[in-house]
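The block underneath contains the structure these notes are about, expressed in structure tokens.
Since every read-out is calculated from the coordinates, none of them should be taken as a lab result. Nothing here was measured: the structure is a model prediction, and the numbers come from that model. So basically every Cβ, Gly included, is an ideal-geometry build from the backbone, and we count neighbours across all protein chains shown.
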Amino acid sequence: MIQKEIQLYEQQIEKFSRRLIKMIYESEIQLSAEYMTYERHTTFQNRLHDRYQSINVDEKWGSDWDRAWFHVTGEIPKEWKGAFVVARLHLGGEGCIFNQAGEPVQAISCHTIWGEEFRRERFVITQKATGGEKIDLWIDMTAAELFGLHLENDPVPTDVKRYGHHDAVIKDLTLAIFREEIWQLYLDISLLYDLMRALPQKSVRRAKIRTILGKVANSFDGSDANASAMRKELNKVLENPANASALTAVAVGHAHIDTAWLWPLSETIKKCARTFSTQIALIKKYPGYIFGASQPQQYQFMKEHYPSLYGAIQQSVADETWELQGGMWVEADCNLISGESMVRQFLYGINFFKDEFGVRVKNLWLPDVFGYSAAMPQILQKCGIPAMVTQKISWNQINKFPYHSFVWRGIDGSEIVVHFPPEDTYNSELKPSSLRHAESNFNEKGILDEFLVLFGVGDGGGGPTEEIIESGLRQQNLEGSPKIVFDKAQNMLDRLVQQKEKLPRWVGELYLELHRGTLTTHACNKKLNRFMELKLRELEILYATSALPDYPSDAFEAMWKKLLMNQFHDIIPGSSINLVYRDSDKDYGELKRKADELHKMLIQKIIPSKKDTLCLVNTLSFAYTRPVELPAEWREYEVLDDTGKVVDVQSNENAVYMMENIPALCAKSFFRGNPVQPKLAHASPIDTDSTLILENDLIRYELNNDGTIQRAFDKTCGREIFTADQFGNVLKLYEDRPNNWDAWDIDVFYEAQYREQAKLTSRRQTSKGPHIDAVEMNFTIGQSTLKQSVCLAKNSKRLEFKTHVDWQERHKMLRVGFHVNIRSEFSSYEIQYGAIKRPTHRNTSWERAKFEVAGHRFIDLSDNQYGVALLNDCKYGHKVLDNFMEINLLRSPTNPDPDADRGMHEFTYAILPHDKPLHQSEVLSEASQLNQGIAILPGVDAGKLTFPCKLDSEAVVMDVLKKAEKSDALIIRLYEPNGMHVGVNLLLTDLNKKLYETNLVEEDEKNLPVHQGKVSLKFSPFEIKTLKLNCSS
């Protein structure tokens, strides 16, 4: 046959397959339905609390996240005796069917990403009817699709539907006879047709499949008996075994339920119930099928809201038909969260699976996270996690990642094994064409014989359908396809770890060349996260030093878990709908209130209280040297230190400050003395045409009449900090319209879309005194206004910009830049428990792709003797190109949240010149102080707080001091921040204590020798150590 003839016959087969879909059901009759809408969560037990109203097909029952209980009734006709009877339910939304005992049994969905034939609408009533059976179904419905509401790409602010819209209209409410043989024939033909199309045009296999499919299309007469006969014909090609060289595809059922994204958290709970109940039913139907799910938070939801389903999951785990995946509490973002947050993700995630299921998870499961920090290999290794699974790097915008199975080395030299499923998806349909692509795409196919396949409906939940599982069963040993094996992913990963020495190696971060905007979008959410990370750290240390008998472990655990949940990879990155951020704001409000309660409770329990005493606690590993703001009620009194000496204070319009050196890990008392008349710092307008100088003994800054810094001169070494005719604090507005993924992406062409620089409208001196000088500057930019308090303390080179923005932009981006007099091929960025170097040039496509990168509290550009750092208190997106350093301050995308970032913002950034290389400088100390202030305990005597240990060097940071999870011991977490081999001594307050080293999740104790209360510790570059300090022996 010539090609045109081949196309003709292959098109005939495709159309025959489509025709079969319409023959799967017959003899349909209408069911009856009534419904009751509800607002607050209404359980099955409470579903009868209100009146129901009847509804028919093509009628609307709700819209936009409305919820309702449906009662569907009917009767199987007597003439259907012996038939396979199903209900076909398209109720205009997502729902979960419950049995008469109130247990969720299966999901229904009005829409999937798979097309109409894979819509989840079939519910089995009976496989063999007797006739006359009553239909009595209860269904909990939500008015939304699998991916939430329909969202406009760029809605105007006045559009009442700008948050999305969905009308829930009933489309199908029928009882039907299910023709299983027709369905099976359709599945056979669909699979073989897909395989045929994927094979080479002139291959023998393709020709034989085409011939037999054509024969079946010509011979089928529409009867069930004939369908069975046609299936026997198809077995002639379905039974041909796989090629001897075919790889094995280890397939695990998967749903990847986003903890929140295009739906609110309350809907996620329902999505979990729908998905998990459906998968339990499929596990029972298909022996050998294995489903897997990560995120202990979602299991906790089931335990709380659907206890019977949770019990069924526990049984399935015990039966080894359900795989617990991933050690993290949720599938968290890995660019934005702190090192300790990452540890707590594992600590609570691993412990939950151990305590609830008796399973010690050994993998990290992050198929959809937007980049992976180079600190992670050490954290994973020290959490007992030797392997990780993801596929997101396959989304790279420019460069194709060279490996699928490889060894990943982090900043400290730790290594783990990583596997990228080569199908490049976590939503596999197990189609032969896709699996053949995975096999050919698999970079390590020359040295490895297997790869992972994650199959099922993902993101919005659902998991595998019967059709997808059936496709997998047909390919367990099929010529032309990899050999599918249903198995746990961990089994494959264990085998992969055993072959570690064969694998290629990748060193450094796994940078995703996409979704760079998530480092900035929804800036307030990121700020709240960092605030709570640091507040929890502070509170844990305060309670550990107070030695109170009732350490609030349960409260801390609940607070941490709420924080960890909000670190999910579509919440903290800013890529969720508006409803998600309303919920998240409430969560952070509750966390703040609880933190305030714990702070107040600590003060109340430390007795006796002294009204005129103020305890200042420095929880950092560095001396605290910044100005400290005192309580307002101390404004009109002398302040005395613990020797009775009057401390010099400075008052301005809004606050009173003192400057005292508070040593690392130390508490100091101050006392209120005699009443005095406060001397207000000078505050006056300044001519906007003049140059303004902020200066101390260390440095001189000259502020231009446009609000930029025109000159910065380091007096200590006689060095100009900026290049000639190039300035600092340049606030620029850019057009921000990425090609795709509005909230997620920044495309490099934004650099050519500069729109305007901030315009200075006024400025005034607000403070001038012994501790700090400050100037207030007001700007307009675009449709927004901006106010900055520019502050220089007397004892530091750090110039701070405390910034307030009323941000009213759409598709704009605000950035601040500094042109510094430094040349270096590499710049440094703080990440979790360390720092990473990145090129400052764009020589290669890999470097050009990194035009926006993640950094935590500081970035730094240094040569061998001098450097400049930019510090911040809540920003993450940065750029360093040649000698230009820039922070991304704000964005304003409109999808999926049309209001993203609009409103008021407060943040601080700072420039810090230093006359030493980064590892010898004060950058980390200054960044730590900017982010973690002094803890103030009114009425508390500092003598009531005892740090159980201290360090004799600032070469190592004590990041954590808390009670152990499962004992009364204390946990101490230390890390080396500068990439150096160092030795330090840990000095114990109680000489009778015993000290052990553990892993990050407090397992595997190793005794450490203590000599007269001193423990010598050696650290390799960026090493993290976790120590357990036990009670007296």
Task: Sequence ranges 100-108, 728-736, ranked by mean other-Cβ count within 10 angstrom, highest first - done: 728-736, 100-108
Task: Hull volume in cubic angstrom per residue (convex hull over the Cα atoms of segment 684-930) - done: 126
Task: Mean Cβ neighbour count within 10 Å, used as a protection proxy, ranking 171-181, 192-202 highest first - done: 171-181, 192-202
TODO: Answer with one residue from Cys791, Met813, Asn729: the one whose Cα lies farthest towards the positive end of the charge dipole of segment 672-827, charges on Cβ with Lys, Arg +1 and Asp, Glu -1.
DONE: Cys791
- [ ] Treating each Cα of segment 946-1033 as an identical point scatterer and ignoring solvent, apply the Debye formula and state log10 I(q)/I(0) at q = 0.13, 0.19 Å⁻¹.
- [x] -0.37, -0.82
Task: Part-to-part distance (alpha-carbon centres) for segment 912-940 and segment 148-208, which is given in Å - done: 56
Task: (1) 269; (2) 228; (3) 190, with the label sought being that of the calculated volume of the Cα convex hull per residue in Å³ - done: (3)
Task: Sequence ranges 559-570, 589-600, ranked by mean other-Cβ count within 10 angstrom, highest first - done: 559-570, 589-600
Open item on the list: Going by amide H atoms built from the backbone, whose H comes under 5 Å of the H on Ser621, apart from near neighbours?
Closed with: Met958
TODO: Could you run the Karplus curve 6.51 cos²θ - 1.76 cosθ + 1.60 with θ = phi - 60° over segment 413-425 and give me ³J(HN,Hα) per residue in whole Hz, x for Gly and Pro?
DONE: x, 5, 10, 9, 9, 10, 10, 9, x, x, 6, 6, 7
Task: Full-extension gain in nm, Glu735 to Ser54, via 0.36 nm per residue minus C-alpha separation - done: 240.0 nm
Task: log10 of Debye I(q)/I(0), alpha-carbon scatterers only, for segment 761-843 at 0.15, 0.16, 0.19 Å⁻¹ - done: -0.87, -0.93, -1.03
Open item on the list: I need the phi-derived Karplus couplings for segment 378-391: 6.51 cos²θ - 1.76 cosθ + 1.60, θ = phi - 60°, integer Hz, Gly and Pro marked x.
Closed with: 5, 4, 5, 4, 7, 9, x, 10, x, 8, 9, 10, 7, 9
Open item on the list: Can you compute the modelled spin-label distance between Lys787 and His811, with each label point 7 Å from Cα toward Cβ, in nm?
Closed with: 3.2
Open item on the list: Need one number: the % of Cα-Cα pairs in segment 879-1033 sitting beyond the 18 Å mark.
Closed with: 71
Task: Where only alpha carbons of segment 241-517 are counted, the Rg and the Dmax (Å) - done: 17.7, 51
Open item on the list: Using each residue's phi in segment 141-156, evaluate 6.51 cos²θ - 1.76 cosθ + 1.60 at θ = phi - 60° and report the 3J(HN,Hα) Karplus result to the nearest Hz, with x for Gly and Pro.
Closed with: 10, 10, 7, 6, 8, 4, 9, x, 9, 6, 10, 6, 5, 8, x, 6
Task: Helix axis angle, 204-219 relative to the chain longest principal axis, alpha carbon, degrees - done: 50
TODO: Using amide H atoms built 1.01 Å from N in the peptide plane, name the residues 5+ places from His150, or on other chains, whose amide H lies under 5 Å from its own.
DONE: His165, His166
Open item on the list: Defining a contact as two alpha carbons under 8 Å apart and six or more residues distant in sequence, what relative contact order in percent does segment 946-1033 show?
Closed with: 35
Open item on the list: I'd like the orientation of helix 224-238 relative to the chain: the angle between its Cα long axis and the longest Cα principal axis, in ° from 0 to 90, rounded to 10.
Closed with: 60
- [ ] Go ahead and collect, in residue order, the members of segment 995-1033 whose backbone nitrogen is under 20 Å from a label point 7 Å along the Cα-Cβ direction of Val507.
- [x] 1020-1024
- [ ] Run the numbers on segment 630-678 and let me know its relative contact order in percent, using alpha-carbon pairs under 8 Å that are six or more apart.
- [x] 49
- [ ] Figure the gain on full extension for Ser440 and Thr130 (residue separation times 0.36 nm, minus the Cα-Cα span) and round it to one decimal in nm.
- [x] 106.5 nm
- [ ] Calculate how steeply helix 180-198 sits against the longest principal axis of the alpha-carbon atoms of the chain, using the helix alpha-carbon long axis, and give the answer as 0 to 90 degrees to the nearest 10.
- [x] 60
Task: Dipole magnitude of the chain, debye to nearest 20 (Cβ charges: Lys/Arg +1, Asp/Glu -1, about Cα centre) - done: 1180
